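What follows is calculated from the coordinates using simple rules that are stated; it is not laboratory data. Please read these numbers as outputs of a predicted model, since none were measured by experiment. Using ideal geometry, Cβ is built from the backbone for each residue, glycine included, and neighbour counts are taken over all protein chains shown.
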Ligand code: GAP
């Protein structure tokens, strides 16, 4: 099945099974804003806990905060967001649709890469074990021609971005013959910059109200609390401050479901280091964060690093961790070496000294910062994309979410085989004993097969069935989601069996 179709099914599945709903749906929805349903919120909370515990619990020198969304408007002037947090936009005059010029060009680059991948997979099928990919890439004329196109376009694109050359961006779109996917035409407007911050008014709406912004990143809340945390926590450099919270961006081109939203959540960590050591720390965090992703077992080849074409105004190194979504490799997390840009700017704009006295060097300096920044919603989409499976069975088929047990919304479903003979009571008792440790669900409706399918569809890793034998010997069957195998175990064993698989502690260890 085409990846696009799988993605459509995934979106429909998310709604049908209470993971993600369109915001304000009964009023026809609000663009690029989504709500999380009863299963979605559990998965989201588990992702956040996986991140928080990995960053804060396991690193002695990383602490957390929770700063306000509203902040003093000068913060956004100091951070550069008022002047530079822009997207280059272009409109198609026929369809009246608006696009990000950089995204149109990136998609063109991806098309050339797809062509190369197709040649390689065709040749790999043809030559079997004898296939030498490296040699093929270096000699096949079609691969070489496409690689040359990529290299030329890449160089031109990077230069245009770095020079902020909007005329050249438009020229690239024209020269590459990029067409509007809706109208199919090349009738483009000029490219212009558009600021992504939402603003509102604080105070009365009459005179005296001041314009403030909804934060477009949580990081600034960390920077402006650097002194508070360093002093009250007696933190010694290097140390980090982590935060999970909402961020808002007026994304003009909001597509691909929860991949690009106007209201979303970030998990960010700013790591404060001695100037000159930032690139070593950047390398360390790059590896640490990649390990965190790969630990979920979605396949190492489905991740890659992507070096930035254009460094943000605050960075001296930046890399993305990309995951292979059904719509291609896309960014899930960014790791940035932000230099001393933010703290220096806040020092200048606030007039407060923001420095660290280093007892080893016996001098004060503005710390450098390495940031790790991941979107909760993108991580959520990554987990769903990687977990969604349609399986053909002997007699029928099933849709199963193979979510790692540690992240699964519901850990255990308990099902009486029939609604009588004391089986529901025993089932309820099992839940009462286990509900303090795991999120459990009771289900007695429909055939046992249908109940299994419902739990597969939301990714429940364990189903326990209570039958008549249970009343005799206190044993139940436990059914494993991925293998669908069943085994008979004592009721007293259930907690131990499940505990081993879903424990975040064991997973992190
Ligand atoms: N503080 C740095 C920063 O905000 P970013 O690359 O703009 O960097 C970091 O964003 C992460 O936040 C991204 O890797 C992505 O996971 C998430 N993110 C950014 N914009 C988003 C959006 N519109 N919708 C959902 N997630 C988004």
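Order of 387-394, 323-330, 89-96 by packing, highest average Cβ count within 10 Å first?
Working: 387-394: 12.2, 323-330: 18.6, 89-96: 16.8.
Ranked by mean Cβ neighbours within 10 Å, highest first: 323-330, 89-96, 387-394.
Report, in deg cm²/dmol and to the nearest 500, the calculated mean residue ellipticity at 222 nm for the chain, where each DSSP H run with n ≥ 4 adds -39500 (n - 2.57) and the sum is divided by the residue count.
The helix contribution divided over the chain gives -12000 deg cm²/dmol.
Give me the extension gain from residue 308 to residue 436: residue separation times 0.36 nm, minus the current Cα-Cα distance, reported in nm with one decimal.
41.6 nm
Of 115, 496, how do they rank once you tally other Cβ atoms within 10 Å and put the fewest first?
If I rank by nearby Cβ atoms, fewest first, I get 496, 115.
Please figure out what share of the DSSP beta bridges in the chain is antiparallel and state it in percent, rounded to the nearest 5. Don't jump to the answer; show the numbers that get you there.
On the way: 71 of 82 bridges.
If I count the DSSP bridges inside the chain, around 85 percent turn out antiparallel.
Would you mind calculating the gained length between residue 126 and residue 49 on full extension (0.36 nm times residue separation, minus the Cα-Cα distance), in nm to one decimal?
23.1 nm
Counting residues in the chain as N, plug N into 2.2 N^0.38 Å and put the Cα Rg over that result.
Details: Rg = 26.2 Å, N = 509, 2.2 N^0.38 = 23.5 Å.
Cα Rg divided by the expected 2.2 N^0.38 Å: 1.11.
Could you work out the relative contact order of the range 86-195, using alpha carbon pairs under 8 angstrom and six or more residues apart, expressed as a whole percent?
Averaging sequence separation for qualifying contacts and normalising by length gives 46 percent for the range 86-195.
Mind checking the log10 I(q)/I(0) for the range 393-508 at q = 0.11, 0.21, 0.22, 0.23 Å⁻¹? Debye, one equal scatterer per Cα, no solvent, two decimals.
Log-scaled intensity ratios, in q order: -0.33, -1.19, -1.30, -1.40.
Please pull out the direction-averaged projected area of the range 86-195, using the convex hull of its alpha-carbon atoms, in nm² to one decimal place. Intermediate values should be presented prior to the final figure.
On the way: hull surface 32.1 nm².
Computed as one quarter of the Cα hull surface, the answer is 8.0 nm².
Rank-order 33-42, 130-139 by packing density, defined as the average count of other C-beta atoms within 10 Å over each peptide's residues, highest first.
Descending mean neighbour count gives 33-42, 130-139.
Quick one: order 185, 385 by neighbouring beta-carbon count within 10 Å, fewest to most.
Result, fewest neighbours first: 185, 385.
If you line up the long axis of helix 491-502 against the longest principal axis of the chain, both from Cα atoms, how many degrees apart are they, to the nearest 10?
Between the helix axis and the principal axis of the chain, the angle is about 20 degrees.
Roughly what angle does helix 3-16 make with the longest principal axis of the chain, taking Cα atoms, 0 to 90 degrees, to the nearest 10?
That works out to roughly 60 degrees.
Could you grab the relative contact order for the chain? Cα pairs under 8 Å, six or more apart, rounded to a whole percent.
14
What is the range 279-397's relative contact order, in percent, from Cα pairs under 8 angstrom and six or more apart in sequence? Kindly include the intermediate steps, with their values, before the conclusion.
On the way: 152 pairs, mean separation 25.2, N = 119.
The normalised contact order for the range 279-397 reaches 21 percent.
Which angle between 0 and 90 degrees, to the nearest 10, do you get for helix 166-175 versus the longest principal axis of the chain when only C-alpha atoms count?
Tilt of helix 166-175: around 60 degrees.
At a Förster distance of 30 Å, what's the computed FRET efficiency of residue 98 paired with residue 165, Cβ-Cβ distance as r, to 0.05? Intermediate values should be presented prior to the final figure.
On the way: r = 20 Å, r/R0 = 0.67.
Given R0 = 30 Å and the Cβ-Cβ separation, E is 0.90.
Just to verify a number: FRET efficiency for residue 508 and residue 277, C-beta to C-beta distance, R0 = 35 Å, to 0.05?
The computed FRET efficiency comes out at 0.85.
Using 0.36 nm times the number of residues separating residue 301 and residue 364, minus their current alpha carbon distance, what extension gain do you get?
Details: separation 63, 0.36 × 63 = 22.68 nm, distance 4.41 nm.
Answer, rounded to one decimal: 18.3 nm.
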